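Below: one structure, written as structure tokens.
The values are calculated or read from the model by the stated rules, or taken from the named source; none is laboratory data. Predicted model, so just to flag it, every value in this text is computed and none were measured. When we count neighbours, we look across all protein chains shown, and the Cβ atoms used for this are built from the backbone with ideal geometry, even at glycine. With ligands, DNA and RNA removed, areas are computed over all heavy atoms of the protein, side chains included. Shrake-Rupley method; radii C 1.70, N 1.55, O 1.52, S 1.80 Å.
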Amino acid sequence: MMSDDVVWTGLTITFMLVPSVLTQLTLTFVHRDLGRDRPFVLFMHLLQMGPIIRCIEALVVYCQAGKKEEPYVTISRKVKLKHGRGLGPAFECEIGHSERKLAVHRNAFKRTAVIQAFLGSSPQLTLQLYATIQEKYVLPTRLALMIISMISIVYGALVCSVLAIQIKYDDYKVRMKPTAYLCMILWRGLEIATRITTLVLFSTTLTVWVVLVGLTNLFIFFFQPWVEFWARKASLPENIEKNFSKLGTTVVLCMVTFLYACINIFCWSAVQLDLADHDLVEKQPRWRSLAVYYTLRFMENVTLIVLWYHFKSDFYEYVCTPLLVVQLIVCYSLAVLFMLIFHQFCHPCRRLFHYNVEDCLRCACCWKKKQSQPPEDHAHGPHAPPDLTNHLIDRETDVVDEIMEAA
């Protein structure tokens, strides 16, 4: 231990154990080991060594399955895209047992990457950056750990975004282009770096208040899906796990909403939870939620930065604080810009959008223009509202052929 401070030691241990325990639970849940007789695997999970045994299992399955995809998979997917039908039970019966096991391993590793990123790396990076600012020097080992944590967080955010796209458009074979990944890396990297830096700077001046800010964000995003669930008077989804009771299902949903809240503290989660659905995710994109999130987050970041600038001490006398404030605001604005570019030009399923970024901006501009114009004379007939759906016909006619070519 570098320090005998009980608080920092406790926080470090907490940020290590909590994501580790949740990772073991996630791997056990995804692989459905609770109803199977696998004592050795469960014992490895108790020792917090579950990912090791899972990697060994995945390697064994991969070597047995081979690298070539079964032809029936591609044929069935193309038939489904052409005729608009579901794959049905025959498709799942034709897929090899090894392919299904590999798919389970891939899904498990993706989810654990998100857990490690936002329950482990994000708090650790925040803590290490705070310690670096307080000590006024950067240790090489700490700098290396901070870089690794940042890479882990950005990777987790990318995985979360891609998973959200695959879940929303599970009827299609989604393929991301390199330009899309580059745009997402810039978007997520700037968003996360700006958010963590803002929280750390604010905590160096108003340490107690940053706890209130964090808990407020956590409670809002944690209870938001539950409030929507209770408002719709929906019932709990069935068949999440056949061995689970209603209490077990509720515990799993609480863990999912907790992870959802932790993600939204640092960046946009890319999904909206629907606790009444079996997939737990809303399939239709909600532009209003995206706009509200980034608007409120931008206002919150600016407020925290301004408060830090107002209450800062002489500790930052050797730093050009006005320039730092401007840089943080500009970086978050660039993150929003790259997000808009991704959804407008790089999203793999952008042709399936009923409304895209251009339509929303055009609608907002038309609304402002209409508000600024004097009222029209009704003798000449009412002014027709702009038609935002006349371009959808051209989009939908070629979407199936385009996705089949990508497949």
Computed lengthening from residue 145 to residue 298, 0.36 nm per intervening residue step minus Cα-Cα distance: 52.3 nm
Residues whose placed amide H lies under 5 Å from that of residue 281, excluding near-sequence neighbours: 274
Restraint check, 110/246; 173/246; 233/283; 168/233, Cα-Cα greater than 31 Å: 173/246
Sparsely packed chymotrypsin sites (Phe, Trp or Tyr not before Pro) within the stretch 106-189, loop by DSSP, other Cβ within 10 Å at most 15: 137
Gained length - residue 350 relative to residue 278, 0.36 nm times residue gap less alpha-carbon distance: 23.4 nm
Label-point separation, residue 170 to residue 64 (7 Å along Cα→Cβ), nm: 2.6 nm
Local net charge near residue 217, Cβ-Cβ under 15 Å (Lys/Arg +1, Asp/Glu -1): 0
Peptides 144-154, 310-320, 18-28, 47-57 ordered by average Cβ neighbours within 10 Å, highest first: 18-28, 144-154, 47-57, 310-320
Computed accessible area, residue 278, all protein chains, 1.4 angstrom probe, square angstrom: 100 Å²
Distance (nanometres) between label positions extended 7 Å along Cα→Cβ at residue 7 and residue 318: 2.5 nm
